[in-house]
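Quick note: the coordinates plus some simple rules give every number you see, no bench work behind them. Computed from a prediction, not measured in an experiment: that's the story for all the values here. When we count neighbours, we look across all protein chains shown, and the Cβ atoms used for this are built from the backbone with ideal geometry, even at glycine.
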Amino acid sequence: MTKRPSLSPAQRNALWRATVGQTPSKDPRTLQALHRKGLLQGIDHRPTDAGAAYFALPATGELPGARTT
């Protein structure tokens, strides 16, 4: 298991929007960063299991399958 990745406010917002089924973001850099961290997948930017679990865990929690780099 890895630690919860650190996200910028824009990345957190985009991940939240993707998690609740809204259009995540219009800035491709934000979406690319979330894909690289293993929190979004596919061309429609669906959250991975780790991405969906991001908001369910406290800041010190760990996410299964997420990368911290």
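What shape does the stretch 2-57 take by its C-alpha gyration tensor, where a ≥ b ≥ c are the square roots of the eigenvalues and a/c under 1.5 counts as rounded, a/b above b/c as prolate, and the rest as oblate? Taking the square roots of the gyration eigenvalues as a ≥ b ≥ c, the stretch 2-57 is rounded. Placing +1 on the Cβ of every Lys and Arg and -1 on the Cβ of every Asp and Glu, with nothing else charged, gives the stretch 2-57 a dipole about its Cα centre of roughly 180 debye. Seen from THR19, the other residues with C-beta closer than 11 Å to its C-beta sum to a net charge of +3, counting Lys and Arg as +1 and Asp and Glu as -1. Sorted on the mean count of surrounding Cβ atoms within 10 Å across their residues, most packed first, peptides 45-51, 15-21, 5-11 read 45-51, 15-21, 5-11.
Label-to-label distance, ARG12 versus ARG29, with points set 7 angstrom from Cα along the beta-carbon direction: 1.9 nm. Less than 5 angstrom separates the built amide H of LEU40 from those of HIS35, THR48, all sequence-distant by 5 or more or on a different chain. Couplings 3J(HN,Hα) for the stretch 37-51, derived from phi with the Karplus relation 6.51 cos²θ - 1.76 cosθ + 1.60 (θ = phi - 60°), are 7, x, 9, 10, 9, x, 6, 9, 6, 6, x, 6, 4, 5, x Hz, where x marks Gly and Pro.
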